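The structure appears below as structure tokens.
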Amino acid sequence: MAVPLLPKNGSLTFTVSVTVAANTSGTISNLMVVTAPGDPQPSNNAAAVQTNSYIVVSPLVTRVTLQSDSGDYIGQGGSYSYTPANASISANATGGHLSLQVAGDQNWYADFQLPSSVTQFRSGTYGNLTRYPLQDAAVGGLSWTGEGRGCNTLQGSFTVYSATYSSGQLTSIDLSFEQHCEGGAPALHGQIRWSASDTTQPAGPVNPPPSGLWAPSAGATPATGNYVYLNSDVGDYIGAAGVHTYTLADAVINVNASGRNISVSVNGDESWSGTFQVMNSLTQSQAGYYGSLQRYPFNNPTKGGLDWSGEGRACNTLTGWFVIDNISFSNGSLDTLDLRFEQHCEGAAAALHGKIHWVASDATTPAGPVNPPPAGLWTPSAGATPAIGNYMYLVSDAGDYIGQGQINTYTPSNATLDVTSSGGTLNVNVGGWSGTFQAMNILAQLQPGYYGNLQRYPFHNPALGGLIWDGNGRGCNTLNGWFTVDSVTYTGAALTAIDLRFEQHCEGNTPALHGKLHWTSP
């Protein structure tokens, strides 16, 4: 601008207008340079003015924003913004100490400590701060940590723009902060606006769900009855590229819904467990799509979470979604459920997909033993076993680890044969060996027939039964096999006689251990 000549010691006053967006903070600065012909001292021709501005719109809306410089260890150079719609934000003030927790896609924890001479938060800037709780009490301190990262030492400041109290309790606060880790130049900047009266809630599930989400192909799942269906991509760590279908006829399946949580367990030839958690704005699971999920229970509570693990495998981190296509309750108990999910471990492209269909009224149970047993099962050759009396006869193939290729016959004349039974379990001890033969879980006592596709007891499929024969310093890690009860007699709950044959393969190997038990109580 052009101005007239000023008299000696004269002054000029003017105003510069600036527009600042609502709910933002920033620095407003201006520089004025004055020149005049023949000025003997041009070095003093410039003057600058600077001020901080924070424009607040009432009522206060809760929001936490973070801006991390490149090289800042805590924020890793990122920008973050949280509201009650996408994160759980809680604040608590006791005297001159404010603690803040943000649980969202990331998790943060903060402490702001006033100087010991100040007992309530009020407008002002508090500088020269060090790490809470190791600060100089007379100066105050702060600390912003999270995502497994924290400063060993720090320097920083925070500015309180406004704070309100009701009956001595903090009800709202506006503040900004700056934190430098380990004396470095890169900073973490943050703005915190929190109001106890903010009632913002996360959005509910998307219903109807987006089109194009995974679903089992036609005919892949049973037409009727409860089931759990798993389909694992090549490269998926959890499912190991397998496809599995479980029903109440071949596995124990439990599905429970309590509040915001649905839990699923499968105990079959493989064992699995799953958890599906809906967002914290709901009190009960509802139909719809739940997306952008992380691993439960380390998930963003405003979105929900999931986790499917088993067979000794689990994700450290995961991303995924689930869809509740149908859900109903009767008197607060789960009545029906149809749920699909997709899970990616450790950010991998390969996925585990699953479908759960559950109706509480499904009364399907596993089948009992096959009777008469299939033809062609192993049996001792004629004359190989004693003609009378109790005995345990063992035949081990060459290469069988347990029996070491030997044939052994135990009778009361050369060994103590101890046979006990409880419910559907038979235990045998003889000659340094021990064996357990477990019927399927629907039986309270052993029944005649063939028990097949068995795994090592007690890590077996309870819907099928299990077995194990080991001893003399040797045992299987895993096994498959069968046993057949040719005859069995009980007096009440007490076993009085049994004839049983079995076949066992260690570690999936071809060589087998065979055995035949004939026992009658004394």
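For segment 78-96, the set of residues classified as in a loop (DSSP other than H, G, I, E, B) and touching a residue at least 40 places away in the same chain (Cβ under 8 Å) consists of Thr83, Pro84, Ala85, Asn86, Ala87, Gly96, listed by residue number. Return yes when Gly168 is at pLDDT 95 or above and either loosely packed, with under 15 Cβ neighbours inside 10 Å or more than 23 Å from Ser81 (Cβ to Cβ) (or both) and no when it is not. For Gly168, the condition - at pLDDT 95 or above and either loosely packed, with under 15 Cβ neighbours inside 10 Å or more than 23 Å from Ser81 (Cβ to Cβ) (or both) - is not met.
Quick one: in segment 427-483, which of the residues that are in contact with a Pro (Cβ under 6 Å, 6 or more places away or on another chain) and among the hydrophobic types (A, V, I, L, M, F, W, C) is nearest to Asp250 (Cα to Cα)? Residue satisfying both the conditions and the ranking: Ala463. Restricting attention to segment 102-116, the residues that are part of a loop (DSSP other than H, G, I, E, B) and of a type in the set (Ser, Thr, Tyr) add up to 1. Within segment 117-140, the set of residues being more than 17 Å from Asp174 (Cα to Cα) and either touching a residue at least 40 places away in the same chain (Cβ under 8 Å) or part of a strand (DSSP E or B) (or both) comprises Asn128, Leu129, Thr130, Arg131, Gly140. Scanning segment 78-99 for residues that are of a type outside the set (S, T, N, Q) and either under 24 Å from the mean Cα position of the chain (by Cα) or surrounded by fewer than 17 Cβ atoms within 10 Å (Cβ to Cβ) (or both) turns up Gly78, Tyr80, Tyr82, Pro84, Ala85, Ala87, Ile89, Gly95.
Tell me, yes or no, whether segment 142-164 has at least one residue that is of a type in the set (D, E, K, R), free of Cβ contacts under 8 Å to residues at least 60 places away in the same chain and part of a strand (DSSP E or B). No, the conditions are met nowhere in segment 142-164. No other residue among Asn441, Asn429 is outside any loop (DSSP other than H, G, I, E, B) and surrounded by 13 or more Cβ atoms within 10 Å (Cβ to Cβ) apart from Asn429.
Here segment 1-53 is the region considered, the condition is being at pLDDT 70 or above, assigned to a strand (DSSP E or B) and not hydrophobic (A, V, I, L, M, F, W, C), and the residue that is farthest from Asp174 (Cα to Cα) is Asn30. Which of the residues that make up segment 138-176 are touching a strand residue (DSSP E or B) at 6+ places or on another chain (Cβ under 8 Å) and hydrophobic (A, V, I, L, M, F, W, C)? Across segment 138-176, the qualifying residues are Val139, Leu142, Trp144, Cys151, Leu154, Phe158, Val160, Ala163, Leu170, Ile173, Leu175. For segment 391-400, the condition holds for no residue, the condition being that it is surrounded by 12 or more Cβ atoms within 10 Å (Cβ to Cβ), without any contact (Cβ under 8 Å) to a residue 60 or more places away in the chain, within 22 Å of Leu517 (Cα to Cα) and not assigned by TED's automatic domain parsing to the domain that holds Trp321.
The values are calculated or read from the model by the stated rules, or taken from the named source; none is laboratory data. Since we're looking at a predicted model, the values are computed, not measured. We place every Cβ from the backbone using ideal geometry, glycine too, and count neighbours over all the protein chains shown.
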